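To start, the structure itself, in structure tokens.
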Amino acid sequence: GRGCDKCRIENCCYTSKSKFKNFCKSNNNQGIFYIIRCWDDNEEFYKLGITSRSIEKRYGSKTKMTKCLPYYYEIILEEIGNPEDIYEKEFGLKRKLKNYHYKPKKDFHGSVHECFSINPIEIN
């Protein structure tokens with residue numbers, strides 16, 4: 001339903017501020033910055049990110065592990081705002097947190113650059 005892998009990546013990844021802004025047009029021109037705590041029986045970490053849709057639509061149920069997010073999660077912070085500001089907030093916070101990067105044991109979209117061993121709110 002999303003086309004080939006190349007098209008899916010081109011159409012879903014926020015690789016630039018302008019792409020994120022375009023995705024947010026379908027959400028009243030608003031973006032969402034979020035921080036979630038993720039866990040399972042073996043590990044716990046924090047993930048931050050941006051989305052043009054709700055966190056629940058992005059990851060599914062908080063009480064079920066899914067292919068999109070193979071961990072349970074709880075929302076720590078959800079901030080709705082101007083897509084450009086939201087994009088800059090994520091970019092700046094990821095830079096501040098680079099020394100706390102965490103690589104989850106289970107792979108999922110966003111697991112490479114957006115996961116951290118500490119709560120990002122403590123740094124901000």
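The values are calculated or read from the model by the stated rules, or taken from the named source; none is laboratory data. None of the values given here were measured: they were computed from a predicted structure. Cβ sites come from the backbone with ideal geometry, for glycine too, and all protein chains shown count toward neighbours. For the accessible areas, the whole protein counts, side chains as well, though only heavy atoms, and no ligand, DNA or RNA atoms are used. Shrake-Rupley method; radii C 1.70, N 1.55, O 1.52, S 1.80 Å.
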Report task. State which residue pairs qualify: first residue touching a residue at least 12 places away in the same chain (Cβ under 8 Å) and surrounded by fewer than 18 Cβ atoms within 10 Å (Cβ to Cβ) and inside segment 108-121, second residue charged (D, E, K, R) and part of a helix (DSSP H, G or I) in any location, beta carbons under 9 Å apart, and separation of 6 or more residues or different chains. Result -> His113/Lys94
Query - Pairs with Cβ under 9 Å, 6+ apart, first in segment 40-63 and more than 12 Å from Glu78 (Cβ to Cβ) and at pLDDT below 85, second open to solvent by 20 Å² or more (accessible area, probe 1.4 Å) and among the charged types (D, E, K, R) - result: Gly60/Lys67; Lys62/Glu56; Lys62/Glu74
Report summary line: Exactly one of Asn28, Asn22, Asn99 is on the phi > 0 side of the Ramachandran plot, free of Cβ contacts under 8 Å to residues at least 60 places away in the same chain and either loosely packed, with under 13 Cβ neighbours inside 10 Å or not hydrophobic (A, V, I, L, M, F, W, C) (or both), and that one is Asn28
Report task. Can you tell me which residue among Cys38, Cys68 is part of a loop (DSSP other than H, G, I, E, B) and within 14 Å of the chain's Cα centre (by Cα)? Result -> Cys68
Query raised in the report: What number of residues in segment 75-86 are open to solvent by 70 Å² or more (accessible area, probe 1.4 Å), assigned to a strand (DSSP E or B) and either closer than 15 Å to Asp40 by Cα or not acidic (Asp, Glu) (or both)?
Result: 1
